[in-house]
Structures are given as C-alpha cells and as structure tokens.
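Reviewing the structure listed below.
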Amino acid sequence: MQRQLIAALAAIALLTTPASAQQTTIRAGTLLDGKGATLRNQVITLDGPRIARIAPSTGPVTYDLQRLTILPGLIDTHVHIVSHFGADGRLASPNDPPAERALHDAETAYTLLMAGFTTVQSIGAPADLALRAAIARGQLPGPRLLTSSAPLNDATLTPDQIRAYVRKTAADGADVIKIFASKSIREGGGQTLSDAQIFAACDEARAQGKRIWVHAHAASAVRASALAGCTAITHGFQITDAEARLMAERGTYFEPQTGLLLQNYIENKPRFFGIGNYNEAGFKFMEDSIPLTLAMFKMALKHPGLKIIMGTDGGAGAHGQNAREIVYRVREGGQPAMAAIIAATSLNASALGLSDRIGTLAPNMEADLIALDGDPLTDITALQRVVFVMKAGKLYKNLAPTR
Ligand SMILES: [Zn+2]
C-alpha cells in the first residue's frame, strides 16, 4: 500500500517537474542578480550551460545553498595572467623555459577560477592566446579568458604604423587592444603618445570592431583618450574632476586601482626589486600613490554617470586576491557594497561587450555563478570566502557546508 503511494507521488512529481532528472537545480538563500536586485529563497534551474529559470520553489534540489549568498561569477577586466614568480622566487623572466611558463599560466588560471573569477581579461601577452584556446577546449579549469595579446608601448610609431599594429593584433586574435599612452606610475605617469597617436589607435580599433584599453595616468592622456572614443581608461591616477566628468559624458569606462595593485608590489618588494623600473624611485612613487589613488577614487565616486569598472591589474603575487580591490573600495573608498558588486559583475560584463551572456543571473544567461559563505552586503569580505564556483553550468568548486 505504502509502496503504491510512493510510486503515485513519484509519478506526480515527474509530471509536475518535467525533465527534472536532467536538470541541475540550485537553491539560493540569498541571490544577488548582479544588477542591484536581492532575492530570497530562490531556485535556479539550469538548462545545460545556461540558466533556464529562477523562481521560488520548495522540494529537493541538486545543490542546496540555502545558507549562502549566490551571485554572478566575478569578472576582472584587467589581469596579467602570464606574470608570476619564477623558480628563484622573483618576478619571472620571459626567457624562462616555455614549459615552465605554460604551467604557471595554467596554475594562475586555476587560481583565478577558484577565487570566484569566472571571466578575466588579460592585458595581455601573446601566450594568452594559447591559454585561451586551452581553457575553451573544456578540460583545463580556468576563467573565460579574453586577451589583448601584445600591447603597444612604442611612442616612436607614426599614426599609420599604429593603425597597422591594431589591425595585426586584431588579426592575431586579440579580443581587445591595449596601448600605453603614458609612462608607468614608477616613472611619474607622464603622457607618452601624442593626442594624434591615441586617436589613431582608438579610431582603428573601432574600425576593426575591437574594444581598446588605454593605460593613462596623466590627466592630459586621459582627456585625449576619452575624446578619441577609447573604450576604457585604466589607472587614471592623476585625473581631476574635469577628466572624471569628461569620461562620464563620453561613456568611457574607468578602471582605477586602489586596494591590491600597489599594495602587492610593496608586500613583495624583494621579488620585484632591481628589475626594470622596480627601483627605489619606482617604489617611492608607488608608496606615495596609495593615498592619492584612494582620494582620486573617492572623487570619481562623486560623478554618478561615471562607469567605474573593476580591474585589478593584478600580476605576480596578486592572482587569487583580486577581490581585495572590491573590499578596499567599499571599506576604504566608501563605495556602497551593492555598487561595488555591480561593478565586478554586470558593469564589467558590459565593458567586455558580454552583457547579453554573463554578469547577471537571469534566464538565458550563462550559468556562471558563485556562492559566498556570508552576506557581502553587510560584510564585503565575504567575497574572499568563495565556496562554490560554476562556469557555464559546469561545477568547479563546492566546499559548501552540508547540514
Ligand atoms: Zn596592466
């Protein structure tokens, strides 16, 4: 009698939840959709690599994350994936054995994914192209990878030569173009490319259908890049209200670094010291820049139309700590936690041209999602406690506490 009842109930369950055997379901106690909404007690139903629906539901699920906060996989719009410490513990040389470098690249990709970053943009090196292909083959665990391949850092090129560089880099398979329009902050950050050279790069990128990331510290270089219609300006450590206003008006994405980049160099000083511009003067520039960049960030936050994205510029030593930038923005910079999370999810997705696929939890989006042990709206450091990582519906990490 009881067996018949169970069989009948099972039949009803099958009728009311069709194809439940094939579908993965995830219960979220708290769900942040990446665009500013907070939902409670939702079940996410997957259809292969995508989200089929999100709705309140009771009953059994594949993954019960009732006690956790689920949000879209984090995005970092600026990492240096090939940058790592070599066998001697110091910043690795591009002349190290290729096999060693390739394995470090794979390790870094894994580290980023485990930290909850399901998409990163590498700004960038030619070796990223092979890594991007390896991750896309589906066996090597790593974030969805976009890359600039080789950046342009030669102020002697004519505007026509710069256009040729952009076309070649696009043809090589780069997702984005990267140019240096100013010196490094370790050399003072002054403008290097002329306004005409910056225009040539950004105009040609647009003609090739590519986005373009401009390294610029000096206010003049930021102004020229915004006026040239470049997609995003990274750093901008020396901008004033005028450049923040201009970027807001022009719709230029602004990617400042406040809480990880310079701190990581200083924490790992012996590993960098003596290489290139990592000298005493360079470290002095970096130490002095930490309070200045925080003040600049607070100023930038006062421009409501300014699209401030989350790119750490993280290289050797910083990989996997990327959420520190978000934590610092909230704790030291005073950015509301929700705004900081939107920056690292849906706003970053739009800066990558991927807002129709990632950065938001909604039907038809890729199932890139993470779960945190804690509520980042009340404790932003929960972003550093990623216990569950799924990319395109495939589970990569599940340390969720079981009841
Ligand atoms: Zn960089």
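Whether any residue in segment 72-88 is surrounded by fewer than 21 Cβ atoms within 10 Å (Cβ to Cβ) and either on the phi > 0 side of the Ramachandran plot or in a strand (DSSP E or B) (or both) is what I want to check. Checking segment 72-88: at least one residue is surrounded by fewer than 21 Cβ atoms within 10 Å (Cβ to Cβ) and either on the phi > 0 side of the Ramachandran plot or in a strand (DSSP E or B) (or both). Identification of helices (runs of 4 or more DSSP H) wholly contained in segment 305-403 with 1 or more residues that are more than 12 Å from the chain's Cα centre (by Cα) yields 323-331, 337-342. Of all residues in segment 115-146, exactly one satisfies the criterion of being within 15 Å of the ligand (Cβ to nearest atom), in a strand (DSSP E or B) and β-branched (Val, Ile, Thr), namely Val120. Of everything in segment 30-60 that is among the aliphatic types (A, V, I, L, M), farther than 24 Å from Asn322 by Cα and surrounded by fewer than 19 Cβ atoms within 10 Å (Cβ to Cβ), the residue that is nearest to the ligand (Cβ to nearest atom) is Leu39. Looking only at residues in segment 267-291 that are polar (S, T, N, Q) and either surrounded by fewer than 17 Cβ atoms within 10 Å (Cβ to Cβ) or part of a loop (DSSP other than H, G, I, E, B) (or both), the one that is farthest from the ligand (Cβ to nearest atom) is Asn279.
If you go through segment 175-218 and keep only what is within 13 Å of the ligand (Cβ to nearest atom) and outside any loop (DSSP other than H, G, I, E, B), you end up with Val176, Lys178, Ile179, Phe180, Ser182, Ile185, Arg186, Trp213, Val214, His215, Ala216. Residues that are within 16 Å of the ligand (Cβ to nearest atom) and either in contact with a Ser or Thr (Cβ under 6 Å, 6 or more places away or on another chain) or within 30 Å of Ala221 (Cβ to Cβ) (or both) do not occur anywhere in segment 155-167. Of the residues making up segment 308-323, just one is touching a Leu at 6+ places or on another chain (Cβ under 6 Å) and more than 16 Å from the ligand (Cβ to nearest atom), namely Ala323. Only one entry of Leu294, Leu306 meets the criterion of being without any contact (Cβ under 8 Å) to a residue 60 or more places away in the chain, over 30 Å from Asn95 (Cβ atoms) and buried (at least 18 other Cβ atoms within 10 Å of the Cβ), and that entry is Leu294. I'd like to know if segment 189-197 contains one or more residues that are crowded, with 20+ Cβ neighbours inside 10 Å, touching a residue at least 12 places away in the same chain (Cβ under 8 Å) and either charged (D, E, K, R) or within 30 Å of Leu113 (Cα to Cα) (or both). No, there is no match, as no residue in segment 189-197 is crowded, with 20+ Cβ neighbours inside 10 Å, touching a residue at least 12 places away in the same chain (Cβ under 8 Å) and either charged (D, E, K, R) or within 30 Å of Leu113 (Cα to Cα) (or both). Of all residues in segment 238-251, which are in a loop (DSSP other than H, G, I, E, B), in contact with a helix residue (DSSP H, G or I) (Cβ under 7 Å, 6 or more places away or on another chain) and surrounded by fewer than 24 Cβ atoms within 10 Å (Cβ to Cβ)? Gln238, Thr240 - these are the residues of segment 238-251 that are in a loop (DSSP other than H, G, I, E, B), in contact with a helix residue (DSSP H, G or I) (Cβ under 7 Å, 6 or more places away or on another chain) and surrounded by fewer than 24 Cβ atoms within 10 Å (Cβ to Cβ). Checked against (1) closer than 24 Å to Ala155 by Cα; (2) touching a residue at least 12 places away in the same chain (Cβ under 8 Å), Ala207 passes all but a single condition, namely (2).
Laboratory data are not the source of any read-out in this text; all were calculated from the coordinates shown. Quantities reported herein were computed from a predicted structural model and do not represent experimental measurements. Because the Cβ atoms are built from the backbone with ideal geometry, glycine has one as well, and the counts that use them run over all protein chains shown.
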